[in-house]
Amino acid sequence: MGVEVSVEGLTKSFGSQNIWRDVSLTLPSGEVSALLGPSGTGKSVFLKTLIGLLHPEQGSVIIDGTDITKCSSKELYEIRKLFGVLFQDGALFGSMSLYDNIAFPLREHTKKKEDNIRDIVMEKIDLVGLTGAEDKLPGEISGGMRKRAGLARALVLDPEIILCDEPDSGLDPVRTAYISQLLIDINAQIDATILIVTHNINIARTIPDNIGMLFRKELVMFGPREVLLTSEQPVVKQFLSGDRFGPIGMSEEKDFAVAEQEAQMQAAGISGGGTKDDFSEIIPQVQPNPGQPERKAIERHRRRVVELLPTLPANAREAVERGMAEEDRIRADNRSRDEFGFGADAPTAPLKVVAGQTATDH
């Protein structure tokens, strides 16, 4: 089972430039969380701080009982073995083949024999749809393929915590759907704690149990997805709808004159370009593929949501209750299919990504 990650009062700056301040949140053990926010708000910096690559000026990051902001280098080395990290650009070694890149954590952190390492590496390569490309160098493949190789490397140690920095960037919509499903299936199998940084609103609405949002150097909110998706906060509503009218500007700080002008345009019926989807509806969360175990995180998450229901506005409470009822129906249908069509002969590994490359994979 994945471990809890507790962040308290975290503040990070580069010189005089403050990135974010007093960030406090808890990634519940074994649950999938997502971190949203406009570009440049320090989401990738936050991930690097969680694994000790960057050191905060204030605050604590407690992982499996150890505060990594205060521990020794030896303790940090051991804590990092709990992590699998998919960096935004894949972060592959350019002089190594994909096979050697993916095998690197096994050779670095285990004493497995090469035959055993090969079995594990080829399984992960097959899982992300890169069979046949294992001997290629990172410079010989597309950005999307490098991203998938980075994910395979993040998974070879069966980590208890998985960090994914924009797993959809460089991928076409179909492979984005496969990668998202793969993360849900992995969570169902090993109950890993997963944090996804993303700008993809569809991922945010359908994949995580919890969502947080960074804006103007602060954590706007963090909690069950149902709370953020029904939030009336202007910055949250604007980000989810992708509309240019609202607190978020081309620069993070939208000045008063621009805000006034946009308010007049909006009052005149001029569109801000955002989607008109009804975000008061809670879309059912993606479920594991047939034949996979049910996610243990679901019941833990549901208990927290039920406790929060009385504190929500009436329309949000109704939307959450409808969403929970629909998810219960979907899970019941899945159990029936498993019983009658996906029983003992069902696959026990997540369905792999389609192999090959398309133009949109670049």
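Each reported figure results from applying straightforward, stated rules to the coordinates on display, with no laboratory input. In this text, all values refer to a predicted model and were calculated from it rather than measured experimentally. Methodologically, a virtual Cβ is constructed for each residue, glycine included, from the backbone with ideal geometry; neighbour enumeration extends over all protein chains shown.
Only one residue of Leu229, Ile141, Ile184 has its Cα farthest out toward the positive end of the dipole of region 5-229, where Lys and Arg carry +1 and Asp and Glu -1 on Cβ, and that residue is Ile141.
When a/c reaches 1.5 or more, the comparison of a/b and b/c decides; with that in mind, is region 1-77 rounded, prolate or oblate per its Cα gyration tensor? Taking the square roots of the gyration eigenvalues as a ≥ b ≥ c, region 1-77 is oblate.
Panel values: region 109-257, Kirkwood radius from alpha carbon pairs, Stokes-Einstein at 20 °C and 1.002 mPa s, translational diffusion coefficient 121 µm²/s. Cross-link check: pairs Lys70/Lys147; Lys81/Lys113; Lys12/Lys237; Lys74/Lys217; Lys113/Lys147 evaluated at a Cα-Cα cut-off of 30 Å; pairs beyond the cut-off: Lys70/Lys147; Lys74/Lys217. Placing unit charges on the Cβ atoms only, positive for Lys and Arg and negative for Asp and Glu, gives the chain a dipole magnitude near 440 debye about its Cα centre.
For region 127-203, just say rounded, prolate or oblate: build the C-alpha gyration tensor, square-root its eigenvalues into a ≥ b ≥ c, call rounded for a/c under 1.5, and beyond that prolate if a/b exceeds b/c, oblate if not.
oblate
Region 109-163 to region 46-108: how many Å between their Cα centroids? Using only Cα atoms to place each centre, the spacing works out to 17 Å. Residue exposure proxy: Thr193, Thr26, Thr69, ordered by other Cβ atoms within 10 angstrom of their Cβ from fewest to most, comes out as Thr26, Thr69, Thr193.
Contact order, relative form, for region 69-210: 30 percent (alpha carbon pairs under 8 Å, 6 or more residues apart, mean separation divided by residue count).
Build a GNM of the chain with springs between Cα atoms under 10 Å apart, and of Gly84, Gly15, Gly52 the one that fluctuates most is Gly15. Exposure here means at most 10 other Cβ atoms within 10 Å; with GluC sites (Glu not before Pro) in a DSSP loop as sites, the longest stretch of the chain lacking them is 1-231. Dividing the summed -39500 (n - 2.57) terms of all DSSP H runs of n ≥ 4 by the residue count of the chain sets its mean residue ellipticity at 222 nm at -12000 deg cm²/dmol. Global dimensions of the chain from alpha-carbon coordinates: Rg and Dmax equal 21.1, 69 Å. Just checking the listed ones, Pro284, Pro167, Pro208: in the Gaussian network model of the chain with Cα springs under 10 Å, the one fluctuating most is Pro284.
As a proxy for reagent exposure, ranking His301, His55, His199 by other Cβ atoms within 10 Å from fewest up yields His55, His199, His301.
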